[in-house]
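See structure below.
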Amino acid sequence: MDEARWQAVQEIFSSAVDLPMEEQSSALLAMCWDDQTLLTDVMELLQEDRRSQPLLDAGLDQAARAVLDFGPLPSLITKQIGPYRLLRLLGEGGMGVVYLAERTDIGGQVAIKLLRDAWLSPMRRQRFRIEQLTLAQLNHPSISRIYNSGALEDGTPWFVMEYAEGLPLTEYWKKQNGTIRDCLEIFVRVCEAVQYAHSHAIIHRDLKPSNILVNESGDVKLLDFGIAKQLSTDDSKDHPTITGLRLMTLAYAAPEQLAGGAVGVYTDVYALGVLLYEMLTGRLPHRIQEGEIPEADPVTEKPSVLIRRAAPERRAQVSRAEWGDLDTLAMKALEPEVGSRYATADALIRDVNALLEGRPLEARPAKWSYTVGKFMRRNRRGLVVLAATLVVIVGTIVFYTVRLTKARNAALREAARTLRIQQFTESLFDGGDKEAGPTLELRAVELLDRGRHEVEGLGSDPEMKADMQATLGDIYQKLGKLDRAEPLLISALQERRQMLGSSDGKVAESEVALGLLRKEQGHLDEAERLVREGMSTLRDGPAASRVAYARSLVALGSVLEMRGKYEEAKLVLETALKLQPRSREATADTAENLAELANVQFYKGAYELSETDNREAFDIYRRLYGEEHPAVAQILNNLGAIETNRGNYVASEGYYRHALTITEAWYGADHPETAANLTAIAQQLSYEKRDAEAMVLLQRALVIQKHVNGGMSATVASTLNQLGLLAYNAKQYDAARSYFTQAMDHWRATLGDQHPFIAIAYSNIGSVCLDQKDYVCAERNYREAVRRLDASSKDSLNAVIAHLKLGRSLLRQNRFKDAEGETLPAYQYLVKHVAADNGFLRASRKDLAAIYDGLHRSDQAAHYRAELRASPI
Amino acid sequence: MISAEGRDSFDEQFSLVYEELRRLAAGVLRGEQNGRVTPTTLVHEAWLKLAHSPEIAETSPLHFRRIAARAMRQVLVDAARRRNATRRGSGEMLVTFDESVPGMNAISEPRDILALDSALDGLSRISARQAKLVEGRFFGGLDVSELAVLLEVSEATVAREWRSARAWLAVEIRRSLGGEPGMAEVETH
């Protein structure tokens, strides 16, 4: 039967079905003519219609109940899955059951793991299959190979892997009862296997003793690589649930995994740390009951302490100096904050080998310990959401975690403080439904406003108070609330100076932070001074502060850049970049470094280099934060600016608009970042002659900026400058002049007279004069511009355009020779560096034609006219 | 998360709902034998769970139930296959000898569902709209007025098309079950 046929049958059926029996037959005969099959079909339907249909009438409830019994996996007797015949049950784990099997075609024994409760929709089964193929590439003696995989008809995934015998790592170790040296040697073998997988870009994500088998000869075999990734639902980030985490054993899960954040090779390193700790001490670093979320306990006891207490005979196995190193190593692998942890398994291996060979470690004892864990309360369903939100606010926006220092006195004080912090954090979330966690609409700023007042209540512990203030101040700054950030940062700095002395690393960090605030406020002298002070403290400090030192260099670079000292900024930033991890290990700091460097290159006019660095930063941010993050938006802005200056307006508008969407969504509508985005879009809208639209955006931006900054500000200046340009285009010369002059005032007040932006302002005023035919005024202003631009960035587009304009003002005064001296070099530059349809290039050709007319060199004049005619509009 | 348009988005939503339904079904039934769980309640629970997730946020409740109906169908079919006592040559089936299966018609119910499923496939080939109708009604618990809105036809059309679809499916199911008496049949006049 086909569609048409069915239509016909239906029609007849519908007509006949309600007729009384006696009339039905004749009606049918009439409608069907002599189409016998049609008649039969309809009659069949009519017959069924009369019957009661248990399934179709009653619905599926009963049937559903019957089939939906996902009870215990049916016992398998002599089963066959593809070419594998199941022999016996090997074991049952949290994830599924493992059977011993053999291949019926070519023989040989394998292990088959069936993952129950891991139902994949039909669409995902396909993806699953493909991803397993990448795992099959792992070919290492210590890694259990995956030979095959698939899914049963009901969706249960299965894997076929190399059959490995042995005990789980920790059990083996307990039984062996070997020396600490032996322990480390086995541990290294495990790490090497993990490192191998990492070098193939596969992260295990679920390392635990049951996944690491050791046989009698001491050979190690790692199981289940990468499986956790396939099975976690993609949405576990957005609504994390405990069941989503069921696949992981919580004890070995890194803090960032629990919080649903980005996972990397460092996540496996954390698990390795837990394993090492457990092997050494026989205990887990955090006391966990199954089913609870672990709290990172700030008093995680050092392995040396535990070992010596529990097994005094081991004291002889390790020398006193080595105990310290052992602790450092173990604790560093367990660092809750990713930046302080061993970044790779390889780094961990190196230090273990160093320890075994009696050499010094690369790691230094952690000076500050951090924990985010204290902010999680026990036994609350909304727990993981809470943690996730806090990490998002605290960890993602500002790249910090809240720092707590270790208790100095008795455990009593520790407990009291713990309570205070818990209360503090809970009070942050008051107002949200505690069961479900704060609603996502609760803006970060509102949360912080509450937190700000709570911080005062921590007066009895000045060090912690300072830490809180510093963190909150940073967050406020990043969110654009500079006025609120200032008192917090100042207070934090003062407190720390008082408590820790001027040469302490934390004081240095506070100086840098305050310096950056000053930069945003436009007080550049003070900014540079503060940042330099902080930087030199950190430079001379211990190696543990290397990250902070690199950050201070980047801060200095950004201040210098703002001051227009581009060469110096470039050097500083390049120095910083050498300290940063790159490629796969690159962090947010690396990206920020690259972005700053890219900015400097941009202002120097080195667009290619700028683009390259921006793109590298973009890739890092995208990997770390996804595509909806303001850091990504910033890079998009940068790329947009590059395209604008190259004259590719369509491309740049695309970048800017995308950036604006991200920024507005993240920061809200009255944030300086949003304003900056608006300005950028407006700028290049005006290049495209869409002035009305540009005006609207700019005025919006101006309102925001004035509101945020108050007083004199460089950002307001930029916006005024843009408005000036629009007014100029609309021939509102007086308004334009006023805007430009205001812009210059702001810039002069905040950046100093020698700054290239002052040059731009002069250039713009010059343009107004030019159009008003006041050529002397124009020349005067352009000369000011040229003088400054040549000094700071001789070969940049801005300098060239200034020369071009100066040339035009001279041309209008009929000083042709002088004009040629300005316009010709400008033209030569433009022809090499801008798009063929660039307005300035056209202008230069036009001017040269006029100049040579004036100089009576008609050939040359004609040459440029011809070029002008031939160029695209 | 940005959801892509068209096919991709539907696949994402479907996968999401499918897995949620499966989770719910397993979770609830594990605890209670003979619980008051039906496809409709499962779909409702899935809606409560997923309503605020970004993939689903743009979808109206009605359309959600449409997707859920499709997903529910798949869940039941998969479950039925799992339970099916038929030994098949492909070698991929798990054979069950589990004695603790509830209900007396342990063998027939999976078969009924599978037969319905394949009959529905057949129906969709000759009338996509009717197949949607049946799917929505059966697996999503949509009533006549809701179906009318969803399919953009009148309620009278829904009623009419249900009737003929029912008859057609009955014919198909009877055929595929090979005339075996799955459930009691009563002829009424």
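All conditions but one from (1) under 23 Å from A:CYS769 (Cβ atoms); (2) in contact with a Phe, Trp or Tyr (Cβ under 6 Å, 6 or more places away or on another chain); (3) buried (at least 18 other Cβ atoms within 10 Å of the Cβ) apply to A:ALA861; the one that does not is (1). Looking across segment A:88-121, just one residue is modelled with pLDDT of 65 or more, facing chain B (nearest Cβ under 10 Å) and out of contact with any Lys or Arg (no Cβ under 8 Å at 6 or more places or on another chain), and that is A:LEU114. Among the residues making up segment B:124-170, a single one is without any contact (Cβ under 8 Å) to a residue 24 or more places away in the chain, buried (at least 21 other Cβ atoms within 10 Å of the Cβ) and away from every other protein chain (no Cβ under 11 Å): B:LEU147. Can you name every residue in segment A:17-39 that is closer than 21 Å to B:LEU169 by Cβ and either of a type in the set (D, E, K, R) or within 11 Å of chain B (Cβ to nearest Cβ) (or both)? Those that are closer than 21 Å to B:LEU169 by Cβ and either of a type in the set (D, E, K, R) or within 11 Å of chain B (Cβ to nearest Cβ) (or both): A:VAL17, A:ASP18. Consider segment A:75-84 and keep the residues that are under 30 Å from B:ASP112 (Cα atoms) and buried (at least 16 other Cβ atoms within 10 Å of the Cβ). The one that is modelled with the lowest pLDDT is A:LEU76. Taking only segment A:14-35 into account, find how many residues are closer than 19 Å to B:TRP168 by Cα and of a type in the set (Ser, Thr, Tyr). The total comes to 2. Restricted to segment A:518-539, and to residues there that are closer than 19 Å to A:GLY752 by Cβ and of a type in the set (A, V, I, L, M), the residue that is modelled with the lowest pLDDT is A:LEU524.
Only one entry of B:ARG23, B:ARG30, B:ARG73, B:ARG36 meets the criterion of being within 11 Å of chain A (Cβ to nearest Cβ), at pLDDT 75 or above and either in a helix (DSSP H, G or I) or more than 14 Å from A:ALA63 (Cβ to Cβ) (or both), and that entry is B:ARG73. Among what's in segment A:515-552 and is buried (at least 20 other Cβ atoms within 10 Å of the Cβ) and among the polar types (S, T, N, Q), pick the residue that is nearest to A:SER503 (Cα to Cα). The extreme case among them is A:THR537. Filter segment A:835-858 for residues that are crowded, with 18+ Cβ neighbours inside 10 Å and not in a helix (DSSP H, G or I) and give the result. Matches in segment A:835-858: A:ASN838 only. Only one entry in A:TYR739, A:TYR733 is surrounded by fewer than 18 Cβ atoms within 10 Å (Cβ to Cβ) and of a type in the set (Phe, Trp, Tyr), namely A:TYR733. Residue pairs whose Cβ atoms lie under 7 Å apart, separated by 6 or more positions or on different chains, with the first residue in segment A:495-513 and closer than 18 Å to A:LEU556 by Cβ and in a helix (DSSP H, G or I) and the second of a type in the set (S, T, N, Q) and modelled with pLDDT under 85, are A:GLY505/A:SER545. Restricted to segment A:336-355, and to residues there that are among the acidic types (Asp, Glu) and touching a residue at least 60 places away in the same chain (Cβ under 8 Å), the residue that is farthest from A:VAL305 (Cα to Cα) is A:ASP346.
The values are calculated or read from the model by the stated rules, or taken from the named source; none is laboratory data. Keep in mind that this is a model prediction, so the values were computed, not measured. All Cβ positions, even for glycine, are placed from backbone atoms using ideal geometry, and neighbour counts span all protein chains on display.
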